[in-house]
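Structure first, commentary second.
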Amino acid sequence: MKLIDDYELVVGLEVHVELKTETKIFCACSTRFGARPNTQCCPVCMGLPGAMPTLNEKTVEYAVRAGLALDCRINRVSHFDRKNYFYPDLPKGYQISQYDEPLCEQGGLEIAAESGEKRIRITRIHMEEDAGKLIHEGNDTLIDCNRCGVPLIEIVTEPDIRSPEEAVAFLKKLRSILVYAGVSDCRMNEGSMRCDVNLSVRKLGESTLGTRTEIKNLNSFAFTAKAIESEYARQTEVLENGGIIEQETMRFDTQTGKTSAMRSKENANDYRFFPEPDIPPLVIDDGYIELIRRALPELPNEKKKRYQKDFGLHNDIASVLVSDRALAEYFEAAAKLTEHKKILSNLIATELLRLVDAQRNDTFTSPISSENMAKLASLVGDETINSSTAKKLLSEMFDKDIDPCDAVRERGLAQINDREALLPLVCQALTENPRAKKDYAAGKKFAAKAIVGRVMALTSGRANPSLLSNIVEEEIKK
């Protein structure tokens, strides 16, 4: 995104992530997604008089695990607060959250930015309960309270982000880490990961932040980027015309691609925070934290370094493979079955993902078994087939998970590695294109490539490309 009249974009994110506990944060109601509306509620999550909340221990474990994975300091003492506000999908009129003493603070993660690696600081991670869901049908609005009380962590960043691309890079890296850590499925299409964008603009070189607006409930990477671009353009236009930015809560219309005001933006004192009287302070010790730290799985950055060291993978390929836990597990399962791990990684990170991404939602899945993927890599590595044949086979395997070894044997797809078999075909191609030698002698190197292409066509793409290129160079120079 280009700057408009030297206005700098300043963004901080608030990311809400539903934890994958089986029950809600303060009661025993199920958190299962997709149940019939208002069938997973009780007096506690509905906030009925006299109902008493009881903290779900698994929520604390997952929140600590997320904090450790995101390099946060874990506070040994934290407490819950009531955040008071009226909204139709919040039946009890307040939300139990954490305010001035959150569970986790002062973390961060590294993203790849235009200027290189950049650390986005995480101010805090706190636990809270989710609100319900409003369903708008024509002029009517319905309320589904199944989501009331589902455990959340809210991850709040410092205003370190300077472009839509950096925001998306942060969200993708964050989702990857949380899925690896096992605390959430982060399915944005199901609302288990949602993002609020706090955005302001200022002239380049200024140190004071501008007035910020908050864009609520963005549930995809693409919409987040578009919302940031739209609000940045809106604010700069207002300032250029001599106007003043109002502190407002905004919505993003996915149809028009524009942001618009919903209501004036609240400040912390508007929520009248006060300590939750029904839940005592949360006290955890070093032993508990260390137990959770030891149980953390290998996270993306650690896995990437291992791939580079053990398998010799290029940085970009390794980054792609570790970006999705399911993808990394698929690669590792296949890597155990072939010696040609570099070839395997390239086939998966380029050819397979190109097919998968066309129909992918949030999590990687492949119709090709890891066993057959390993066999395909071995066929290329052993020079039984060339890369061109491998790509064609992979496309067929994507439609139907066939054994590539059987396909090569039954259909005669093996690579031609015999010089004596290729030489007559090269001579034939040169005879058909008599200008090739003259063009080559005149410095037109594409002439050799044309002959290579012709022979590849004659062999239905089965010629060994390296051997064929050598033969063509030798013959065209005569």
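The values are calculated or read from the model by the stated rules, or taken from the named source; none is laboratory data. These figures come from a predicted structure and were not determined experimentally. All Cβ positions, even for glycine, are placed from backbone atoms using ideal geometry, and neighbour counts span all protein chains on display. The accessibility values were calculated without ligands, DNA or RNA, using every heavy atom of the protein model including side chains. Shrake-Rupley method; radii C 1.70, N 1.55, O 1.52, S 1.80 Å.
Quick look at the values:
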read-out: Filter result for the condition that a residue is modelled with pLDDT under 85 and crowded, with 19+ Cβ neighbours inside 10 Å, over Ala457, Ala448; value: Ala448
read-out: Subset of region 193-226 [open to solvent by less than 10 Å² (accessible area, probe 1.4 Å) and either of a type in the set (Gly, Ala, Ser) or without any contact (Cβ under 8 Å) to a residue 40 or more places away in the chain (or both)]; value: Ser200, Leu218
read-out: So Phe311, is it of a type in the set (A, V, I, L, M, F, W, C), surrounded by 14 or more Cβ atoms within 10 Å (Cβ to Cβ) and under 20 Å from the mean Cα position of the chain (by Cα); value: no
read-out: Tally, over region 35-88, of residues that are on the phi > 0 side of the Ramachandran plot and either in contact with a Leu (Cβ under 6 Å, 6 or more places away or on another chain) or of a type in the set (A, V, I, L, M) (or both); value: 0
read-out: Check on Tyr180, in a helix (DSSP H, G or I), touching a Leu at 6+ places or on another chain (Cβ under 6 Å) and closer than 25 Å to Gln106 by Cα; value: yes
read-out: Identity of the residue in region 64-96, hydroxyl-bearing (Ser, Thr, Tyr) and in contact (Cβ under 8 Å) with a residue 60 or more places away in the chain, that ends up surrounded by the fewest Cβ atoms within 10 Å (Cβ to Cβ); value: Tyr85
read-out: Any chance Glu57 is under 32 Å from the mean Cα position of the chain (by Cα), without any contact (Cβ under 8 Å) to a residue 12 or more places away in the chain and open to solvent by 30 Å² or more (accessible area, probe 1.4 Å); value: yes
read-out: Members of region 215-258 that are of a type outside the set (Phe, Trp, Tyr) and in contact with a Leu (Cβ under 8 Å, 6 or more places away or on another chain); value: Ile215, Thr224, Ala227, Ile228, Glu231, Gln235, Ile245
read-out: Residues of region 216-242 that turn out to be over 16 Å from Phe170 (Cβ atoms) and among the hydrophobic types (A, V, I, L, M, F, W, C), as a count; value: 3
read-out: All positions within region 222-258 that are farther than 15 Å from Asp196 by Cβ, hydroxyl-bearing (Ser, Thr, Tyr) and in contact with an Asp or Glu (Cβ under 7 Å, 6 or more places away or on another chain); value: Thr236
